[in-house]
1. Please enumerate the residues belonging to region 180-218 that are more than 23 Å from residue 327 (Cβ to Cβ) and either assigned to a helix (DSSP H, G or I) or in contact with a Gly (Cβ under 9 Å, 6 or more places away or on another chain) (or both).
2. Restricting attention to region 242-252, does a residue exist that is at pLDDT 90 or above, among the hydrophobic types (A, V, I, L, M, F, W, C) and not in a loop (DSSP other than H, G, I, E, B)?
3. Given the options 198, 179, name the one that is modelled with pLDDT under 70 and not assigned by TED's automatic domain parsing to the domain that holds residue 25.
4. Give just the number: which of (1) more than 26 Å from residue 4 (Cβ to Cβ); (2) modelled with pLDDT under 95; (3) touching a helix residue (DSSP H, G or I) at 6+ places or on another chain (Cβ under 8 Å) does residue 64 not satisfy?
5. Among the residues of region 266-279, is any modelled with pLDDT of 85 or more, surrounded by fewer than 17 Cβ atoms within 10 Å (Cβ to Cβ) and outside any loop (DSSP other than H, G, I, E, B)?
6. Which one is surrounded by the most Cβ atoms within 10 Å (Cβ to Cβ) among residues in region 1-39 that are charged (D, E, K, R) and within 23 Å of residue 147 (Cβ to Cβ)?
7. Considering only residues that are over 19 Å from residue 319 (Cβ atoms), of a type in the set (A, V, I, L, M) and at pLDDT 95 or above, which ones fall in region 124-143?
Amino acid sequence: MVDPGEALAAIGRVGAIASSSGSPQERAEAVVESLGALVPLVAAEIVMLNPLDGSSEVLAARGYSDDVLKALHSPRFHDIMAWLNLPDTGRPVRMRDLPGDPFDNWAVSDVLIPAGYSEGMTMCLRTPDGRFTGVLNLSVDSAEHPSDLARDAIASMCFALGNLTDPAQGSRWIQMLLGAGSRAVGLDDAGDTVVIPGTASHPLLTDDSELIQVAARSSVRQGWATFLWPDDDEWLRVRVVPCRGEQSIARVVSVDTVDPAPLSRRELEVLTLAAEGLSNQEISEALVIGSRTVATHVEHILDKLEAPNRAAAASYALREGYILGRVECPGRMV
């Protein structure tokens, strides 16, 4: 078992590695190696979340099969992390820490145990300013690990690893994620637009655009933001990503055309307000429609999204960006 001295040494090593000058992949590989002093690893991975499309980019991985990695990067696994509130807390959770019977958890019963892992741990990585930037997964073949001391030591590494997996390193890095010809613009600290070389323009990516005003407010509140915006006969998915390391650009706003089908405009409005936590009665009052009509819309939304309940539908909407940037509510100030 790990003693406190070894735990402190491992914490120091990981902190030094995370803040070193190597590439994210090199540093992540070195972190995984150092974590072996705390936990007898059979498999491990550190992934970075792409803030533009929510996908996972593996920075370092060992031991996991392709099928296990596919499951760990799936929306279903991310839903489990959200249900456990891991992105908001950054606390590590082992199998034995799960509420209820761990075998009731799909990731444990259908993915990890069949792959030969007796225990393990997941931690959502966060930056000091509260942004969810990546995930650490560890697996072992002994139910005795990770120990409480190892868990607590790894918990203290959350911010350091969150900075390591933070993709908001500068506008050039964001531009690489966007891809050549993407429609995007930078925002400075005052919310004014700044041209990003190599990206395309769009009529709504201008200083006097309501979309830009909403994007600036959203990013101030949430750091990263994703929402839908109507543009003539099409819908735009708007993504707002913080940008560090650039004096002139604080955030990057990108737009791409998206089809929100099968949801109608009214269903998107109801889903957006439901994701804000409004009850059916409150949605009814905000949109000035009958409460039975709201209930019918909710039923249709759950059916179309194949979601078991409102919470699952809201989680999907937030994850996939099916939240309207604005909802015209005659009965409510928004």
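The values are calculated or read from the model by the stated rules, or taken from the named source; none is laboratory data. Everything numeric in this text was worked out from a predicted model, so none of it was measured. Please note: Cβ atoms are built from the backbone with ideal geometry, for glycine as well, and neighbour counts cover all protein chains shown.
1. The answer is 180, 181, 182, 193, 194, 195, 196, 198, 199, 200, 207.
2. No: region 242-252 contains no residue that is at pLDDT 90 or above, among the hydrophobic types (A, V, I, L, M, F, W, C) and not in a loop (DSSP other than H, G, I, E, B).
3. 179 is the lone residue from the list that is modelled with pLDDT under 70 and not assigned by TED's automatic domain parsing to the domain that holds residue 25.
4. Going through the list (1) more than 26 Å from residue 4 (Cβ to Cβ); (2) modelled with pLDDT under 95; (3) touching a helix residue (DSSP H, G or I) at 6+ places or on another chain (Cβ under 8 Å), residue 64 breaks only (2).
5. Yes, because at least one residue in region 266-279 is modelled with pLDDT of 85 or more, surrounded by fewer than 17 Cβ atoms within 10 Å (Cβ to Cβ) and outside any loop (DSSP other than H, G, I, E, B).
6. Step by step, filter region 1-39, then rank; the result is 13.
7. Correct list: 136, 138, 140.
Yes/no per residue for (1) touching a Phe, Trp or Tyr at 6+ places or on another chain (Cβ under 8 Å); (2) over 29 Å from residue 4 (Cα atoms); (3) surrounded by 15 or more Cβ atoms within 10 Å (Cβ to Cβ); (4) in the same structural domain as residue 316 (by TED's automatic domain parsing):
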| residue | (1), (2), (3), (4) |
| --- | --- |
| 71 | yes, yes, yes, no |
| 102 | no, no, yes, no |
| 114 | no, yes, no, no |
| 118 | no, no, yes, no |
| 126 | yes, no, yes, no |
| 135 | no, no, yes, no |
| 142 | no, no, no, no |
| 147 | no, no, yes, no |
